[in-house]
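Computed from the coordinates by the stated procedures, all read-outs in this text should not be read as laboratory data. Bear in mind the structure is a predicted one, so any value in this text is a computation, not a measurement. For neighbour counting, all protein chains shown are included, and Cβ atoms are generated from backbone atoms with ideal geometry for every residue, glycine included.
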Amino acid sequence: MTRHEERELLMALIYEIPFYGKDEYNTQYECEKAEREISSEYIDSGVLGITENLDVIDRYISESAKGWKLSRLSKITLAILRVAVYEMALAGLPYTIAIDEAVILSGKYDDEKAPAFVNGILNNIAEVCGLKNKEKNNECG
């Protein structure tokens, strides 16, 4: 499985969080992992990292999505943003890769306006976190 395919599966798994709740989700993930025969360290660490840092991740998204409450975002957009914010702000993936991958996923799974929306939010988060200025430390992670 390529990293892009792993990321796509991670996004699909993170999409399920609102249906189970943050506290019950890790138990549900273990069931999904066995059922889908998932054996990926990247996906395991992504699920754990996102669920453990969900409040922080959602705060960055909420602060950057000016005029939008998280409840108004499509569930798929929210899942894509959560994965990208985790990757670039907490897992150390270069922000350009995280943003590019998120835009690709939003173009594939969401409506035609989603890629620009996702790009704008993630670029704002990258700016706020100091990821665009290599001389600054990552202020988000």
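Computed quantities for the displayed model
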item	result
Hey, Ser40 among the polar types (S, T, N, Q) and more than 18 Å from Met11 (Cβ to Cβ) or not	no
Verdict on Met11 being touching a residue at least 24 places away in the same chain (Cβ under 8 Å) and either surrounded by 17 or more Cβ atoms within 10 Å (Cβ to Cβ) or acidic (Asp, Glu) (or both)	yes
Residues of region 21-35 satisfying the condition of being without any contact (Cβ under 8 Å) to a residue 12 or more places away in the chain and either more than 21 Å from Asp58 (Cβ to Cβ) or part of a helix (DSSP H, G or I) (or both)	Asp23, Glu24, Thr27, Glu30, Cys31, Lys33, Ala34, Glu35
Filter result for the condition that a residue is out of contact with any strand residue (DSSP E or B) (no Cβ under 9 Å at 6 or more places or on another chain), over 24 Å from Leu131 (Cβ atoms) and hydrophobic (A, V, I, L, M, F, W, C), over Ala98, Ala84, Ala34, Ala89	Ala34
Residue among Ile38, Ile43, Ile80, Ile50 that alone is buried (at least 17 other Cβ atoms within 10 Å of the Cβ), touching a Phe, Trp or Tyr at 6+ places or on another chain (Cβ under 6 Å), in contact (Cβ under 8 Å) with a residue 24 or more places away in the chain and farther than 15 Å from Glu127 by Cα	Ile50
Test: residue in region 108-129 that is assigned to a loop (DSSP other than H, G, I, E, B) and surrounded by 21 or more Cβ atoms within 10 Å (Cβ to Cβ)	yes
Some residue of region 51-62 being outside any helix (DSSP H, G or I) and farther than 27 Å from Gly130 by Cα	no
Residues of region 14-45 satisfying the condition of being under 14 Å from the mean Cα position of the chain (by Cα) and either among the aromatic types (Phe, Trp, Tyr) or over 20 Å from Leu105 (Cβ atoms) (or both)	Tyr15, Tyr42
Unique residue being within 18 Å of Thr2 (Cα to Cα) and either of a type in the set (Asp, Glu) or in contact with a His (Cβ under 7 Å, 6 or more places away or on another chain) (or both) when the list is Asp23, Asp44	Asp44
